[in-house]
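Let me begin by presenting the structure, written as structure tokens, before commenting on it.
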Amino acid sequence: MSKLSVEEISEIRDHFDFFDRNHNDLLEESEFIKLFKILAPDASKEMAIRGFETIDTDGNGGIDFDEFLDWWKMNWTVF
């Protein structure tokens, strides 16, 4: 996997911040579902919830930016 530039990380952070509606530096399940439906409009809510649970690697009930960045790099970055 190629290393992301500072500019790319900043752009990804902007995406994260846009969906972090309550500005607590975590994507909560409802916030992630909204993001997921934009990225994968045909996906079911159940798929989004499974994705959320997978990405929340520390199990704290929210996706922090590091978890989000890891997921984004694996799924949405062109190598």
For this session: Would you be able to say whether some residue in segment 4-26 is surrounded by fewer than 11 Cβ atoms within 10 Å (Cβ to Cβ) and under 10 Å from the mean Cα position of the chain (by Cα)?
Result: no
For this session: Find the residue count for segment 20-63, including only residues that are in contact with an Asp or Glu (Cβ under 7 Å, 6 or more places away or on another chain), closer than 16 Å to residue 75 by Cβ, free of Cβ contacts under 8 Å to residues at least 24 places away in the same chain and not in a helix (DSSP H, G or I).
Result: 2
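How about segment 64-78: which of its residues are part of a helix (DSSP H, G or I) and of a type in the set (Asp, Glu)?
Selection gives 66, 67, 70.
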For this session: Residue by residue through segment 10-28, note down the ones that are farther than 19 Å from residue 60 by Cα and of a type outside the set (Phe, Trp, Tyr).
Result: 10, 11, 12, 13, 14, 15
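Computed from the coordinates by the stated procedures, all read-outs in this text should not be read as laboratory data. Owing to the predicted nature of the structure, the values given are computational and were not obtained by experimental measurement. Ideal geometry is used to build each Cβ from the backbone, glycine not excepted, and the neighbour counts take in all protein chains shown.
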